[in-house]
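Only one structure is covered here, and it is reproduced in the block below.
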Amino acid sequence: MSAETWKPSPPIDRGVRAWMEAKGFKVNSTRYYAREEVYAWRSQHPAGSPTLWIARPVFEDRAPEELVGALERLGVADRMREAPMARFLVVEEDGELQVTPWPHRPHRGA
């Protein structure tokens, strides 16, 4: 698999999708941002499209249950509801998962 088409493991993808659906966010699309090494699950809605952005290193050596537990602890669903257009990113810092603002800008001409 090339760097452009990387995807998280099927168990991680299923776990994240199930968590999002349980929180009221039906996943309509996914995308991998190869340059930034970020994977996104998007829930498209007319009033905004809440998107869960996770840095690729977060997926390394984590079970789906551990990742979903961290999303709960970090209040990610509440953040997505409160600011559906905000761009924040789940990252790992010093072995702990955290949420940080992500200033990603869409690529021009893409």
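Take every Cα pair under 8 Å in the chain that's 6+ residues apart, average their separations, divide by the length, and report that relative contact order as a whole percent.
Numbers: 144 pairs, mean separation 22.6, N = 110.
Result for the chain is 21 percent.
Please compute the length gained on full extension between ASN28 and ARG81, using 0.36 nm multiplied by the number of residues separating them and subtracting their Cα-Cα distance.
Taking 0.36 nm per residue and subtracting the Cα distance, the gain is 17.5 nm.
Restricting to Cα atoms and excluding each atom paired with itself, what does the Kirkwood estimate give for segment 3-101 in Å?
Computed over Cα pairs of segment 3-101, the Kirkwood hydrodynamic radius comes out at 13.5 Å.
If each of GLU37 and ARG14 carries a label point 7 Å out from its Cα toward its Cβ, how far apart are those two points in nm?
2.7 nm
Place a +1 charge on the Cβ of each Lys and Arg in the chain and a -1 charge on the Cβ of each Asp and Glu, then give the dipole magnitude about the Cα centre in debye, rounded to the nearest 20. Could the numbers behind the result be given before it?
Numbers: 16 positive and 16 negative charges, 146 e Å.
In total the dipole reaches around 700 debye.
Report the longest stretch of the chain that contains none of the GluC sites (Glu not before Pro) sitting in a DSSP loop with at most 16 other Cβ atoms within 10 Å.
Answer from the scan: 61-110.
Assuming 0.36 nm per residue, please report the length gained on full extension of the stretch THR5 to GLU65 beyond their Cα-Cα distance.
19.2 nm
Every read-out reported here was derived from the displayed coordinates using simple, explicitly stated rules and does not represent laboratory data. Please read all numbers here as calculations on a predicted model, not as lab measurements. All Cβ positions, glycine included, derive from the backbone under ideal geometry; neighbour counts span all protein chains shown.
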